[in-house]
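Novice: Quick one: the structure is below, questions incoming.
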Amino acid sequence: MNNLHRVTTKSPVFYGWFALSGGILVTLIVGGAFINAFGVFLPVLSDQFGWSRAEISMALSLSIAAFGLPSMLFSLAVNKFGVRFTIIVGNLLAAFWLAMLYFISALWQLYLMYIFLGMAAGFGGYISCMTLANNWFIKKRALAMSVITAAAGAGGLFFPPLTTVLIKAFGWRESFLVLAAIVTAATIISGLLIRNRPEDKGQLPEGLDSSSMSSREASMPSIKSSAAFKLSDIFKTPLTYLILGFVIANAFTMGTINAHQIAYVQDLGFSAMTAATTMSLFSILGLIGSLSFGTLALKINLRYLASAGLICELAGIILLLSTSSLIMVYVYVAFIGLGTGALFAAMPSFIGAYYPREQYARVTGLILPFHVVAQSAIAWGAGKVFDVTGSYMLVFIIIGICVSGGIACAFFSRQPKTIH
């Protein structure tokens, strides 16, 4: 029997917002310490050990791959143990491996620690938190998911400046320990707030009530009922490949910015703190882009919003190719931040809207690896291009071409009535 029909109590306070706040907190803190702080460590580690930017960027590429490639296994764990278990265990392990970076003295050690860090963060991160939102929300699903993606962007607001201050005050090794302690505290607090599903609290998902449940379920947008749905169905329609097209285009942009923007701005002649503030601005605008996507998705078709996000990305890249002044760099960051923020919220929203609620983790586990491979490949590839040419210009041109194609993919990603 469907879990929705086993609800026995009705609380006047919807607990979903409290559960969601736990996912928001852990996404903000772990994402900030794991991804957003990396760009600050990159030039420091290069100066310390003499490693090239491509060599150091490989650590993030491997970590992102470890974060996403086992997604199908992570989704199985989510379905078996629940999101609360995976979030607590995964992020406590992430804190442990973050602390272990204190001891690195060789490049292979950096790679190994970041691989384990990525696997731990993946186990307790994206799929778990998005499944949490999908479990608790229906009518406001896109908004709930966009808040979580905004939290991931908000980590970039705080952690680059924070990490810069920590490194100057204590050194880079001690900074990893401080970040690990922050992740541990956030995980404990999140674990106290999170509950797996509304049924665990005797409630219905947001958007349903006992009097209208049947009619609402019948009208929910979905490709197939959960009983009829098969995972192989998602690769039998052009829609899937259109979604992958704009997801990969956005991944190229995100991978380059997360790994190289701080170093690029420093190459233009600006200070480390100025470079860190551009990353903070990127995160602020990303947060706004994600929240705007979720809010507008209540009234505007998802494919139009995704197309607009990619157009913002393309505008930012064009600006970047034509200027080196600080003011225009900030304008570029604003466009890129809005675009990537919107697109980061788009993928989980598309999956949540098009596939059965019970299958969300499994479908995400199949699609997410494509995003991860693209993001990790460009993070390393951009560093390699810089090492060979002494410039990121060719990278930005390639990304602009890919984003242009992504706009077309997003625009034609219409929701199907069914998949055969």
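The values are calculated or read from the model by the stated rules, or taken from the named source; none is laboratory data. Here the structure is a predicted model, which is why all the values come from computation and not from measurement. Here Cβ is always computed from backbone atoms with ideal geometry, including for glycine, and neighbour counts include all displayed protein chains. Quick note on the areas: whole protein, heavy atoms, side chains included, nothing else; ligands and nucleic acids left out. Shrake-Rupley method; radii C 1.70, N 1.55, O 1.52, S 1.80 Å.
Novice: In the range 26-56, how many residues are over 21 Å from PHE170 (Cβ atoms), under 18 Å from the mean Cα position of the chain (by Cα) and not hydrophobic (A, V, I, L, M, F, W, C)?
Specialist: 2
Novice: Can I ask one more? Using beta carbons and a limit of 8 Å, which pairs, at least six apart or on different chains, have the first residue in the range 343-360 and closer than 20 Å to SER232 by Cα and among the aromatic types (Phe, Trp, Tyr) and the second one modelled with pLDDT under 85 and in a helix (DSSP H, G or I)?
Specialist: These pairs meet every condition: TYR354/LEU239; TYR355/ILE234; TYR355/VAL363; TYR360/ILE351; TYR360/GLY352.
Novice: Looking at ALA99, is it out of contact with any Lys or Arg (no Cβ under 6 Å at 6 or more places or on another chain), of a type outside the set (D, E, K, R) and either open to solvent by less than 10 Å² (accessible area, probe 1.4 Å) or touching a residue at least 24 places away in the same chain (Cβ under 8 Å) (or both)?
Specialist: Details: out of contact with any Lys or Arg (no Cβ under 6 Å at 6 or more places or on another chain): yes; of a type outside the set (D, E, K, R): yes; either open to solvent by less than 10 Å² (accessible area, probe 1.4 Å) or touching a residue at least 24 places away in the same chain (Cβ under 8 Å) (or both): yes.
For ALA99, the condition - out of contact with any Lys or Arg (no Cβ under 6 Å at 6 or more places or on another chain), of a type outside the set (D, E, K, R) and either open to solvent by less than 10 Å² (accessible area, probe 1.4 Å) or touching a residue at least 24 places away in the same chain (Cβ under 8 Å) (or both) - is met.
Novice: Being outside any helix (DSSP H, G or I) and among the polar types (S, T, N, Q) is the filter; apply it to the range 210-267 and report the residue that is modelled with the highest pLDDT.
Specialist: Step one: of the range 210-267, the residues outside any helix (DSSP H, G or I) are 210-212, 220-230, 236-237.
This time we only want the ones that are among the polar types (S, T, N, Q), so: 210-212, 222, 225-226, 237.
Numbers: SER210: 53, SER211: 50, SER212: 47, SER222: 47, SER225: 50, SER226: 53, THR237: 75.
Looking at the filtered set, the residue picked out is THR237.
Novice: I've got another one for you. Give me the pairs: first residue in the range 64-76 and farther than 12 Å from LEU366 by Cβ, second residue open to solvent by 20 Å² or more (accessible area, probe 1.4 Å) and modelled with pLDDT of 85 or more, beta-carbon distance under 6 Å, and six or more apart or on different chains, which are they?
Specialist: The qualifying pairs are ALA66/ILE115; ALA66/MET119.
Novice: OK, next. Could you please find all residues in the range 12-33 being open to solvent by 10 Å² or more (accessible area, probe 1.4 Å) and part of a helix (DSSP H, G or I)? Steps first, answer last, please.
Specialist: The initial filter retains those residues of the range 12-33 that are open to solvent by 10 Å² or more (accessible area, probe 1.4 Å), namely 12-15, 17-18, 21, 24-25, 27-31.
Answer for the range 12-33, where residues must be open to solvent by 10 Å² or more (accessible area, probe 1.4 Å) and part of a helix (DSSP H, G or I): TRP17, PHE18, SER21, ILE24, LEU25, THR27, LEU28, ILE29, VAL30, GLY31.
Novice: Now for a separate question. Take the residues of the range 316-328 that are open to solvent by less than 30 Å² (accessible area, probe 1.4 Å) and at pLDDT 85 or above: which is farthest from LYS139 (Cα to Cα)?
Specialist: Per the criteria, the residue is ILE317.
Novice: Among the residues of the range 81-94, are any more than 19 Å from the chain's Cα centre (by Cα), more than 20 Å from LEU162 (Cβ to Cβ) and open to solvent by less than 30 Å² (accessible area, probe 1.4 Å)?
Specialist: For the range 81-94, residues more than 19 Å from the chain's Cα centre (by Cα), more than 20 Å from LEU162 (Cβ to Cβ) and open to solvent by less than 30 Å² (accessible area, probe 1.4 Å): present.
Novice: Sort out which residues of the range 392-420 are open to solvent by 40 Å² or more (accessible area, probe 1.4 Å), of a type in the set (S, T, N, Q) and either at pLDDT 85 or above or under 17 Å from MET347 (Cα atoms) (or both), and write them in order of number.
Specialist: The answer is SER404, GLN415.
Novice: Are any of the residues in the range 339-360 more than 24 Å from LEU296 (Cα to Cα) and surrounded by fewer than 21 Cβ atoms within 10 Å (Cβ to Cβ)?
Specialist: Initial filter on the range 339-360 (more than 24 Å from LEU296 (Cα to Cα)): 358-359.
Now drop any that are not surrounded by fewer than 21 Cβ atoms within 10 Å (Cβ to Cβ), which leaves 358.
Scanning the range 339-360 turns up at least one residue that is more than 24 Å from LEU296 (Cα to Cα) and surrounded by fewer than 21 Cβ atoms within 10 Å (Cβ to Cβ).
Novice: I would also like to ask the following. What number of residues within the range 258-280 satisfy the criterion of being within 24 Å of SER404 (Cα to Cα), of a type outside the set (Ser, Thr, Tyr) and open to solvent by 10 Å² or more (accessible area, probe 1.4 Å)?
Specialist: Qualifying residue count, the range 258-280: 1.
Novice: Does ALA361 meet the test of being assigned to a helix (DSSP H, G or I) and at pLDDT below 85?
Specialist: On the way: assigned to a helix (DSSP H, G or I): yes; at pLDDT below 85: yes.
Yes, satisfied.
Novice: Moving on to the next point. Quickly run through the range 36-48 and pick out the residues that are surrounded by 15 or more Cβ atoms within 10 Å (Cβ to Cβ) and either farther than 21 Å from GLY381 by Cβ or among the β-branched types (Val, Ile, Thr) (or both).
Specialist: So the first thing to find is which residues in the range 36-48 are surrounded by 15 or more Cβ atoms within 10 Å (Cβ to Cβ), and the list is 36-46.
Of everything in the range 36-48, those that are surrounded by 15 or more Cβ atoms within 10 Å (Cβ to Cβ) and either farther than 21 Å from GLY381 by Cβ or among the β-branched types (Val, Ile, Thr) (or both) turn out to be ALA37, VAL40, VAL44.
Novice: Looking for something β-branched (Val, Ile, Thr), modelled with pLDDT under 90 and over 18 Å from the mean Cα position of the chain (by Cα) - is there at least one such residue anywhere in the range 143-166?
Specialist: Let us first name the residues in the range 143-166 that are β-branched (Val, Ile, Thr), namely 147-149, 163-165.
Filter once more, keeping what is modelled with pLDDT under 90: 147-149.
Next, from what is left, pick out any that are over 18 Å from the mean Cα position of the chain (by Cα): none.
No, every residue in the range 143-166 fails to be β-branched (Val, Ile, Thr), modelled with pLDDT under 90 and over 18 Å from the mean Cα position of the chain (by Cα).
Novice: Next question, about the same structure. Kindly indicate which of LEU76, LEU112 is open to solvent by 10 Å² or more (accessible area, probe 1.4 Å), farther than 16 Å from SER175 by Cα and modelled with pLDDT under 95. Spell out the reasoning first.
Specialist: On the way: LEU112 fails: modelled with pLDDT under 95.
Matching residue, one of LEU76, LEU112: LEU76.
Novice: Separate question: Check every one of the helices (runs of 4 or more DSSP H) wholly within the range 38-143 and list those with 1 or more residues that are closer than 25 Å to PHE350 by Cα.
Specialist: On the way: elements: 38-49, 53-68, 71-81, 83-100, 107-123, 126-136.
Answer list for the range 38-143: 53-68, 71-81, 83-100, 107-123, 126-136.
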